[in-house]
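Below: one structure, written as structure tokens.
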Amino acid sequence: MSEQVIPSLHTNANTAEVLAIRDLSIHYSVREGFRKKALKAVNGIDLSINAGECLGLVGESGCGKSTLASAIMGLTPITSGSVHVAGQDVPTAVKNDPLAQARNVQMVFQDPFASLNPRRTVRDALAAPLRLHGLKDNIEIEARVIEMLAKVGMKPEAADRKPHEFSGGQRQRICIARALIVKPKLLVCDEPVSALDVSIRAQIINLLLELKDELGIALLMISHDLGVVEHMSDRIAVMYLGRIVEEGVWSDIFTSPLHPYTQALIASIPDPLAPTMRQRRMQGEAPSPLNPPPGCAFNPRCPSASDKCREGDIPSFTNSAGDQFHRARCHLLEQG
């Protein structure tokens, strides 16, 4: 490969659709006793992200967020539907040219220490992707490593140190630098700040936003913490038991949530201005994806559930009045 394979960090981004997911389903065959059942980890999802945009994906643990991220990376086989990144069908790209797929999408994981090889210096960690993708010139590699460290707020001398010599926040900066050094078009962040101290989280969030704007990349921010995605996202998608139940601009989601599940999530966020006040807790436990309830999957926990919610079909998306970009799956909205 030539050195021109990896574009400059200053390449101008366009506003095209970077991530396009259409009717995606990921099912697993699971044995329960003497029978096999289908575990529907992801079930009929449509999502899209444009260049320079951040989409926040939120939901409780076990709802399918990380499985969806794995499918976007090409690490999990899909049952039906499609995933396209930068116009390329992900399963086909992974099969035909996995390096090209890796140049399109990179991932930042939850635990930065587990993501780094403790025996390798930061220089080694950042240079390895460049060499893997075709760069041979050591001077060019060194320049890109130092440039990327500067972009994540670290000094050049950090390149000679190993992961155990850094704090958790610094290690996450290194992981972000490693992900961005091949200039991907999409960055998938799976709970990137949940393992960090509260005082460090804001720094990493602000860093990701600055890099998104500077480099023009698309950003998928996966979290169970609505407080985190509120400050990062242009749009938010709320996931429950394998489905998107609400999607809209972040301000609409937080000021006028449509789905009872979204309303319960927002009500459970602690208020730092009134720490003594008790926030409303989510009622009950999420059903097993092996035995989902009929109708709306949230109906066992919904205080407003009707017979149609418990026995009817899975609700279709209904748009908010006067807002075509804000929609939710709820029979109560269909009833007006």
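The values are calculated or read from the model by the stated rules, or taken from the named source; none is laboratory data. Predicted model, so just to flag it, every value in this text is computed and none were measured. Please note: Cβ atoms are built from the backbone with ideal geometry, for glycine as well, and neighbour counts cover all protein chains shown.
Worth pointing out:
- Verdict on A71 being small (G, A, S) and surrounded by fewer than 22 Cβ atoms within 10 Å (Cβ to Cβ): no
- Elements of type strands (runs of 3 or more DSSP E) contained in the range 195-260, each with 2 or more residues being of a type in the set (S, T, Y): none
- Taking each residue of the range 100-115 that is over 15 Å from A195 (Cβ atoms) and looking for partners that are surrounded by fewer than 18 Cβ atoms within 10 Å (Cβ to Cβ) with beta-carbon atoms closer than 6 Å, six or more apart or interchain, yields Q101/V94.
- Test for P300: is it more than 20 Å from H224 (Cα to Cα) and at pLDDT 90 or above: yes
- Pair list, Cβ < 7 Å and 6+ apart or interchain, from the range 44-64 residues that are over 17 Å from P192 (Cα atoms) to residues that are among the hydroxyl-bearing types (S, T, Y): G44/S25; N50/T15; A51/T15; G52/T15; C63/Y240
- Extreme residue, surrounded by the most Cβ atoms within 10 Å (Cβ to Cβ), among residues of the range 206-217 that are out of contact with any Cys (no Cβ under 8 Å at 6 or more places or on another chain) and of a type in the set (A, V, I, L, M, F, W, C): I217
- Listed by first and then second residue, the pairs linking a residue in the range 80-92 that is modelled with pLDDT of 95 or more to a residue that is in a strand (DSSP E or B) and among the polar types (S, T, N, Q), with Cβ atoms under 8 Å apart and 6 or more places separating them unless they lie on different chains, are S80/S25; G81/S25; D89/S82.
- Only one of the listed residues (G62, G56, G52, G74) is over 11 Å from the mean Cα position of the chain (by Cα) and over 28 Å from I141 (Cα atoms). That residue is G62.
- Residues that are part of a loop (DSSP other than H, G, I, E, B) and aliphatic (A, V, I, L, M) were ranked within the range 35-92; the one that is nearest to N291 (Cα to Cα) is I78.
- Qualifying residue in the range 267-279 (condition: touching a strand residue (DSSP E or B) at 6+ places or on another chain (Cβ under 8 Å) and at pLDDT below 90): no
- Evaluation of S61 against (1) of a type in the set (G, A, S); (2) touching a strand residue (DSSP E or B) at 6+ places or on another chain (Cβ under 9 Å); (3) at pLDDT below 95; (4) under 26 Å from V228 (Cα atoms) (one fails), failing number: (2)
- When restricted to residues that are closer than 18 Å to S66 by Cα, in contact (Cβ under 8 Å) with a residue 60 or more places away in the chain and not in a strand (DSSP E or B), the range 177-194 contains 4.
- Across the range 18-36, the qualifying residues are those that are of a type outside the set (S, T, Y) and crowded, with 16+ Cβ neighbours inside 10 Å, and the one among them that is farthest from M107 (Cα to Cα) is H27.
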